[in-house]
Amino acid sequence: MKIAFSPNSALGQLLLLRSVAIAIQIVMLAIAAVVFGKQFDFVSVVAVVAAESVFQLLSIYAYRNTKEAAPIGMTMQLLADILFLTILLDLTGGATNAFVSLLVLPTVIAAVTIPTINMLMVSAGAIGAYLYLYIKMSHEHVHHMDMSTHLLGMLVNFTFTIIVVVTVVSILVKQNRKKERAIAMLREQQLQQEQLIALGSAAAQATHQLATPIAHLALLHEELEESYPKEACVQEMSEPLGKCKEQLNVFREFTDYLKSASKQMITVERLAEQLKELTNLQFPQQHFRFDITNVQGALCDDPMLMPSILNLISNGVRANEQAKQTDIDVTFTSESTEHVITILDRGEGIAEERLAQLGHNVVNSESGLGMAVLLSHATIERLGGHLLIESDLTYGTKCTVKLPKVSDEVTAC
């Protein structure tokens, strides 16, 4: 029989621990039969251990195709352990049994493996089991042994132990899980940064390799202009070559910016005006509606900030073209601690399964790999901001860029 769950999983460890416990119980029964003779109901105890063994086999069979049990499944398994242990204790001395403290073990396992509500159920089951054993004790027997105060103290001590153990273990588990999430997040950020560094290195290499051919083309173009000044095709070459030179200059400026590590500011009004000019120039077929009436203050400037916002707008333009729409709303607002830029297109929106990955990972789609959004997200986060992409119920895709608000050069960046 092939078993899906791993011995390292919570379910696997619980079933392994129960198998060991059953083996120990069988050995102890054999020893007790020889040493203690007829001091307890040997047949009933054997029947309980046999029933526990059958339950263990049924549990392994039931979970053979499951990698991990659900919280309710783990809860029922732990409550079953408490039930079997309670019956065994009841048959072998009740609350006076030296092994009654084993009822704490299922609560500790519950505190580590299942949610708080389920853990409280298991803890209540353990306390209820001990309370049952305490009440079940014969009053005559307790009075004869003069142990009423001692057994009551054991009940109080057991309850206090359960509360302390469960509380401490739960806190430690939560702290450990919180650290694991933080480590996983840092690892994810590190992998993303490594991916961006690799992409940046490839872009730098490509730019370096293209610089010389573009310079040669520019020289050839100048010679063609001198030889054929009236040729239309020669004149048309001026604009694309100019754009190539401009992009190379932008890359050089960005490289110098990274080397100098200098920080600059730009007012929101100036950023909005520059963005308005660039969008009208690059996308003349689209109708942009800018709202910059409620803005004030400044933010950190960066050579990649404007291209990052333009990337988001370019995606909106592409979505509009696919939906045969032309309206894009760009809204600037200033809040107490941040500036908010909202870009809303009239496209068909983005599927929910892609929204969670867009901007964080490379996403395969018909329109590309989502690299532009990934780079925009990295630039905005590097400036201390956040990027939120969501599908608007009425229109298309809504991109919200939040950037920290600064007031002077000292607190700027």
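The values are calculated or read from the model by the stated rules, or taken from the named source; none is laboratory data. As the structure is a computational prediction, the values presented were derived from the model and not from experiment. Neighbour counts run over all protein chains shown; Cβ positions are idealised from the backbone, glycine included. Accessible surface areas use protein heavy atoms only, side chains included; no ligands, DNA or RNA. Shrake-Rupley method; radii C 1.70, N 1.55, O 1.52, S 1.80 Å.
These residues, Lys405, Lys230, Lys136, go from largest to smallest accessible area, 1.4 Å probe, as Lys230, Lys136, Lys405. Cα centroid separation, region 296-314 to region 1-79: 63 Å. Here the label points at Ala206 and Leu83, each 7 Å from Cα along the C-beta direction, are separated by 6.5 nm in the simple model.
What is the sum of charges around Arg270, taking Lys and Arg as +1, Asp and Glu as -1, for the other residues whose C-beta is under 14 Å from the C-beta of Arg270? Around Arg270, the surrounding residues sum to -4.
Among 117-127, 154-164, 209-219, sorting by the average number of other beta carbon atoms lying within 10 angstrom of each residue, highest first, gives 117-127, 154-164, 209-219. Measuring from a point 7 Å past the Cα of Thr159 along Cα-to-C-beta, which residues in region 91-123 have an amide N at less than 15 Å? Residues passing the 15 Å test: 123.
If the segment from His216 to Glu335 were pulled out straight at 0.36 nm per residue, it would be longer than the present Cα-Cα gap by 37.9 nm.
Computed over neighbours whose Cβ is under 10 Å from that of Arg289, the net charge equals -3, Lys and Arg +1, Asp and Glu -1.
For the pairs Lys174/Lys398; Lys324/Lys398; Lys67/Lys179; Lys276/Lys324, note any where the Cα-Cα span goes beyond 27 Å. Before the final figure, lay out each step's value.
Details: Lys174/Lys398 36 Å; Lys324/Lys398 17 Å; Lys67/Lys179 24 Å; Lys276/Lys324 22 Å.
Beyond 27 Å between Cα atoms: Lys174/Lys398.
Computed packing ranks the peptides 264-270, 312-318 as 312-318, 264-270, most packed first, by mean other Cβ atoms within 10 Å. Remark on Gly349: its backbone amide H falls under 5 Å from those of Thr397, a criterion applied only to residues 5 or more positions apart or on other chains, H modelled at 1.01 Å from N.
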